[in-house]
Amino acid sequence: MEDDLQKQAIGSVLIQEIRIKTNNVFREVIEEEDSEDEMLLQLVAIQENEYSRRNTRTKPPTLTGFVEKIVPMYSYDEFQQHFRMSSETATTLENMISRLIERQANEGRCTIAPRKQILSVLWLLATPDSYRSIGQQFGMSKSTLHHCFRRVVKALNKIAPEIIHWPTLTEKEEIKQKFTQMSNMPDVIGAIDGCQIEIDAPVVILH
């Protein structure tokens, strides 16, 4: 009888220990799952914040009214220095290609004013300034300036045959004579963006 009671007591203790261990295992599993879920939610939140940060467009600071207010204040020399042509020539160019760079459709965004497009592209071609600095100066983004560049250059290529032509034989002779009188250099019909600088030739010692 006593043996049976001892066996029952030992069995009860073992069962209690098994229950305790089982509960502990379940608790650890649940805690691990909760921890993994919490970590996963944190990662998702970080990714969402990063995606939102990358896709939130902030308009870069730009100048306003540069073409409308500042450029008209340039003197003749200042305008020619910045754009490599006179204001009158720029106006003539604007009259020639405005219809080629304006938006013809009535839908979509309004195209930037032709004069603003032309002057920004002329500044880009005439100076070593970057797209970023020129875009900020003319109040447009780099991508917008790039589109203006493509439109204006395409228009210039289209009107090029009307503007650029080789001189005839008679014109060549007249140009050569005038060039010879001016510089004492024969058989020259033109020069492109060049200047003559007098320097002392280095001394060459022949051995």
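The values are calculated or read from the model by the stated rules, or taken from the named source; none is laboratory data. Source: prediction; values computed, not measured. Heads up, the Cβs are rebuilt from the backbone with ideal geometry, glycines too, and the neighbour counts pull from every protein chain shown.
For Cys148, all conditions in the list (1) in a helix (DSSP H, G or I); (2) surrounded by fewer than 13 Cβ atoms within 10 Å (Cβ to Cβ); (3) touching a Lys or Arg at 6+ places or on another chain (Cβ under 9 Å) hold save one; what is the number of the exception?
Every condition holds for Cys148 apart from (2).
Quick one: count up the residues across the stretch 84-103 that are among the basic types (Lys, Arg) and under 24 Å from the mean Cα position of the chain (by Cα).
Number satisfying all stated conditions: 2.
Across the stretch 168-207, what is the total count of residues that are part of a loop (DSSP other than H, G, I, E, B) and either in the same structural domain as Phe138 (by TED's automatic domain parsing) or of a type in the set (A, V, I, L, M, F, W, C) (or both)?
Total satisfying the criteria: 13.
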